[in-house]
Amino acid sequence: MAEHPAYPVGLRLTGRRVVVLGGGQVAQRRLPALIAAGADILLVSPEATPSVEAMADTGEITWARRRYEPGDLTDAWYALIATSDPETNAQASAEAETRRVWCVRSDNADAATAWTPATGHSEGVTVAVLTTRARGRDPRHTAAIRDAVVEGLRDGTLVAPHHRTRTPGVALVGGGPGDPDLITVRGRRLLAEADVVIADRLGPRDLLAELPPHVEVIDAAKIPYGRFMAQEAINNALIEHAKQGKSVVRLKGGDPFVFGRGMEEAQALAQAGIPCTVVPGISSSISVPGAAGIPVTHRGVAHEFTVVSGHVAPDDERSLVDWPSLARLTGTLVVLMGVDKIGRIAETLIEHGKSPATPVALVQEGTTAAQRRVDATLATVAETVRTEDVKPPAVIVIGEVVSVGPKTPAVAHPVTPE
């Protein structure tokens with residue numbers, strides 16, 4: 001038989017019967033996509049991996065715990081044959097041919113009537129890469145092509161023009177802690193498609209250099225005790241540009257809703273009737289300690305962590321923080337925006353029972369090339385900030401986890417669940 005390239009097609013399997021033979025690693029990889037497609041899935045296999053078994057337990061698939069029997073492919077639209085027995089695979093493949101059921105075989109692509117492409121997804125687009133001929137197929141090369149295309153779509157380096165009118169609106173994008181590689185793939189894609197970007201000082205600034213020349217960048221930097229753009233002015237700028245039919249990205253450091261005033265902007269946009277998309281970001285409260293080698297929780301050391309804003313002192317009437325309660329907690333305390341208030345914060349925690357010897361770490365410019373870590377205790381942290389000239393932005397970690405590191409011995413007496 002002469003070889004011809006496969007004909008690519010997208011199967012709409014919602015509510016349609018799909019039979020999977022074999023519950024091993026192949027099924028474990030392929031089943032999630034079939035479930036996502038809404039297929040009515042029958043798995044026929046005497047055994048299954050724990051992950052596949054969990055799919056059956058939750059009702060996502062129906063599991064017949066036995067070997068393949070002739071007739072199992074009755075009324076099927078599609079079949080995946082992936083047992084460890086070549087004779088069974090050949091018998092099932094012959095039934096599929098007789099019943100005109102498109103069939104994929106994991107053990108012999110040449111004998112199959114269908115091939116599974118290497119697929120990936122990026123915001124409503126499915127990328128499927130298929131080798132043109134069965135013989136000489138290189139799955140790794142096919143997967144590499146898929147990965148390159150999907151990554152290009154996600155990070156904006158591969159941009160296809162929109163031929164349909166885009167709905168104008170605003171995306172509140174969390175840019176992460178500073179390293180441009182730590183923005184989410186969705187955030188990076190929206191940034192690449194933006195007409196206007198209103199950026200914070202703490203956002204990943206390196207990404208702005210990658211924007212096309214036509215993109216308008218507005219500096220909304222809020223430098224402490226220096227020049228700043230009032231929140232109302234930021235809200236007005238978002239609304240004004242969106243009403244002009246532009247795609248607007250509000251690029252913020254960390255996560256928009258973690259001390260980022262993102263909800264204020266979302267509320268202003270809602271009142272103006274502007275569509276708003278929120279793209280979560282990696283919060284510096286977790287990522288920066290992690291980048292400095294500090295786990296905010298650790299077995300046998302801390303079962304909780306609390307994130308608190310230190311932009312106002314504990315004795316300030318504007319403070320909404322219950323500092324006495326925080327002092328009684330045994331877990332980790334992460335303080336953001338508190339470098340210039342750390343002396344008073346430490347005094348308050350000690351006054352309410354926290355040990356003066358409690359370890360403290362200050363991580364300045366976390367996840368960036370300028371990152372540095374300075375260690376102290378509650379008793380010494382105020383003086384350490386002065387002598388080491390620690391400047392914002394810096395994340396402050398208070399608790400025993402500061403002393404935990406890769407060389408720390410494992411917990412000798414782990415907690416046993418009741």
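The values are calculated or read from the model by the stated rules, or taken from the named source; none is laboratory data. All values reported here derive from a predicted model rather than from experimental measurement. Note: ideal-geometry Cβ built from the backbone for every residue, glycine included; neighbour counts use all protein chains shown.
Within the bounds of the stretch 147-156, is there any residue that is of a type outside the set (Val, Ile, Thr), within 30 Å of Ala192 (Cβ to Cβ), at pLDDT below 95 and not in a helix (DSSP H, G or I)? Let's see the steps before the verdict.
Filtering the stretch 147-156 down to residues of a type outside the set (Val, Ile, Thr) leaves 147-148, 151-156.
The next check asks that each one be within 30 Å of Ala192 (Cβ to Cβ); those that pass are 147-148, 151-156.
Right, trim to at pLDDT below 95 and you get 147-148, 151-156.
Subsequent filtering for residues that are not in a helix (DSSP H, G or I) retains 156.
Yes: one or more hits.
For the stretch 374-394, residues that are under 21 Å from Val307 (Cβ atoms) and assigned to a loop (DSSP other than H, G, I, E, B) total 5.
If I filter the stretch 187-195 for residues that are touching a residue at least 60 places away in the same chain (Cβ under 8 Å), over 28 Å from Ala394 (Cβ atoms), touching a helix residue (DSSP H, G or I) at 6+ places or on another chain (Cβ under 6 Å) and not in a strand (DSSP E or B), do I get at least one hit? First the steps, then the outcome.
We begin by selecting, within the stretch 187-195, every residue touching a residue at least 60 places away in the same chain (Cβ under 8 Å); these are 187, 189-191.
Now drop any that are not over 28 Å from Ala394 (Cβ atoms), which leaves 189-190.
Retained after the next criterion (residues that are touching a helix residue (DSSP H, G or I) at 6+ places or on another chain (Cβ under 6 Å)): 189.
This time we only want the ones that are not in a strand (DSSP E or B), so: 189.
Yes, that holds for at least one residue.
Select from the stretch 91-106 the residues that are of a type in the set (A, V, I, L, M) and closer than 12 Å to Val19 by Cβ and write down the one among them that is nearest to the chain's Cα centre (by Cα). Among those that are of a type in the set (A, V, I, L, M) and closer than 12 Å to Val19 by Cβ, it is Val104.
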